[in-house]
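See below for the structure under consideration.
The values are calculated or read from the model by the stated rules, or taken from the named source; none is laboratory data. All values reported here derive from a predicted model rather than from experimental measurement. Backbone-built Cβ (ideal geometry, glycine too); neighbour counts: all protein chains shown. Quick note on the areas: whole protein, heavy atoms, side chains included, nothing else; ligands and nucleic acids left out. Shrake-Rupley method; radii C 1.70, N 1.55, O 1.52, S 1.80 Å.
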Amino acid sequence: MFTSAGFAKTWQYIQLFKEGLICTLSLSALTVIFGFIFALILALMRMSKIKPLSWFATCYVELFRATPMLVQLFIVYYVVFAKASLPNFKLFGFIRFERFFPGVVALSMNSGAYLSEIIRAGIQSIDHGQTEASRSLGLSSRQTLFDIVLPQAIKNILPAIANEFVTIIKESSICYTIGVQEIMYAVASIKGATYRIAEPLLIATAVYFCLTFPTSKIIAYFERRMSRGFKR
Amino acid sequence: MASNAELIKVTGLCKHFYNGDLKALDGVDYSINKGDVVVVIGPSGSGKSTFLRCLNLLEVPTSGEVVFKGVDITKKYYTDKNGNKVRLNIDEHRRKMGMVFQHFNLFPHMTVLANMTLAPIKVKKMDKETAEKKARKLLERVGLADRADAYPIQLSGGQKQRVAIVRALMMEPEVMLFDEPTSALDPEMVGEVLEVIRELAQSGMTMVIVTHEMGFAKEVGKKIVFMADGKIVETGSPQEIFDNPKSPRLQDFLRKVL
Ligand SMILES: Nc1ncnc2c1ncn2[C@@H]1O[C@H](COP(=O)(O)OP(=O)(O)O)[C@@H](O)[C@H]1O
Ligand SMILES: [Mg+2]
């Protein structure tokens, strides 16, 4: 299975893993940022009194949660961006933008659907008395949302958002299927060049683990600290 | 006819829940004049909170009018002094009515000072310095000058409620609405909050107070309103209500609480 010769061969292509790591991290970070903004808009739409908006948001969320990520990714890449000729420059000198960008879009659209439910729950968990106090002081519904409700809601769901980041790091591996040069793409490339698969996969496993395990431990630590702070 | 001194006039106020199966308010008529200290009493579930919350439209009435300073705030439009039809902005009217809640409802992510200055800065466009100076003065008045930078979680219940009162006062309201301001407090903290409300009453502030503290109602109230089953059953001076109750419902209620 694993041979020292296999590791030696794989090691010659270690640069591909470094690139894969950079690509995976950029993909995940952008997805969390865009996904969050998108999720916030979806959550507000879903809670809106304007019926068509809330219907649209509800349908969107249900659709994206009920279909496989791979299908969504292929639709975005092969259908939505099929005719759009994206500029084909390279990020960091190697990431092909015309593949990377549809990847970010598909992941953000998917992650937005999940995050919007988290945000909605966060907003609904805030005591209605907060809204009443704010409105009774003469603040508008908009001011109440942005100054009173959202700051408290976001603080409560920060750990959930951070956990979504961990999930995205793992899920972003699916973008290898459209040729985004993330970690799994590095594995496939090395396999093509060396005919070795076990060793590159072991390295990929180690890289993913080193990314996600400490991150989730750090999140759990802050989560414990925050809840303690609240009970004080 | 409406006198100049009339601040709020409520007519035919109804609030139904569950498509009319529950009549929380069932036709309430009442007028509040400037300087009035109205104390609302009655058994639990009689509609006291709903009545109070309809006054600043936190609860939207099913039917009836709430006329505040000549404007029916339950309607979408009103006619101004020059005879123009204007869209009603409820926020403008709410600014003139302060409200104090049973559970304080301070904003936990803000300091005491920030709680107090938020609305003046945001809606009255007061500059931060002026607002903070004003806030510190009010805090001093209620004996909390040293708590300006504390977060609500660091305060006792009585301190929280005093902050909630001065937070409402920051907007210089024309009427203050209190919904059972001492019901969530430990007994030893009731006094300090009632003291603040008492002082406010003496300063001439128009107030509507829902309370279970009968001694306080008798002492501070200039007019007492007794509610039961979503209706005003009896009104009168403290003497009339407490010493000479007429309706059997009120007699029964007083027997139970006194
Ligand atoms: N938001 C609401 N939804 C349904 N029922 C309500 C609501 N608010 C109040 N009620 C009902 O209306 C009645 C009057 O309530 P409330 O005004 O709170 O009484 P009080 O303050 O005198 O105890 C009660 O039966 C209560 O259960
Ligand atoms: Mg009540």
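Taken over region B:43-61, the criterion of being within 7 Å of ligand 1 (Cβ to nearest atom) and surrounded by 19 or more Cβ atoms within 10 Å (Cβ to Cβ) is satisfied by B:SER46, B:GLY47, B:LYS48, B:SER49, B:THR50, B:PHE51. Here is a check on your reading of the model: is B:VAL40 touching a residue at least 40 places away in the same chain (Cβ under 8 Å), within 12 Å of ligand 2 (Cβ to nearest atom), open to solvent by less than 20 Å² (accessible area, probe 1.4 Å) and among the β-branched types (Val, Ile, Thr)? In short, yes.
Listed here are the strands (runs of 3 or more DSSP E) enclosed by region B:174-238 that have at least 1 residues being within 16 Å of ligand 2 (Cβ to nearest atom), among the aliphatic types (A, V, I, L, M) and within 14 Å of chain A (Cβ to nearest Cβ): B:175-179, B:206-210.
Please determine whether any residue of region B:69-89 is among the small types (Gly, Ala, Ser), open to solvent by 60 Å² or more (accessible area, probe 1.4 Å), out of contact with any Leu (no Cβ under 9 Å at 6 or more places or on another chain) and not in a helix (DSSP H, G or I). Yes, some residue in region B:69-89 is among the small types (Gly, Ala, Ser), open to solvent by 60 Å² or more (accessible area, probe 1.4 Å), out of contact with any Leu (no Cβ under 9 Å at 6 or more places or on another chain) and not in a helix (DSSP H, G or I). Counting residues in region A:127-134 that are in contact with a His (Cβ under 8 Å, 6 or more places away or on another chain), small (Gly, Ala, Ser) and farther than 26 Å from A:ALA29 by Cα gives one or more.
Taking into account only those residues within region B:43-74 that are acidic (Asp, Glu) and touching a residue at least 24 places away in the same chain (Cβ under 8 Å), which is nearest to the other protein chains (Cβ to nearest Cβ)?
B:GLU59
Listed here are the residues, each with its yes/no results for (1) open to solvent by less than 20 Å² (accessible area, probe 1.4 Å); (2) in a helix (DSSP H, G or I); (3) more than 14 Å from chain B (Cβ to nearest Cβ); (4) in contact with a Pro (Cβ under 7 Å, 6 or more places away or on another chain).
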site: A:GLY122; (1), (2), (3), (4): yes, yes, no, no
site: A:ASP147; (1), (2), (3), (4): no, yes, no, no
site: A:ILE168; (1), (2), (3), (4): yes, yes, yes, no
site: A:ALA193; (1), (2), (3), (4): no, yes, yes, no
site: A:GLU199; (1), (2), (3), (4): yes, yes, yes, no
site: A:ALA204; (1), (2), (3), (4): yes, yes, yes, no
site: A:LYS217; (1), (2), (3), (4): no, yes, yes, no
site: A:ALA220; (1), (2), (3), (4): no, yes, yes, no
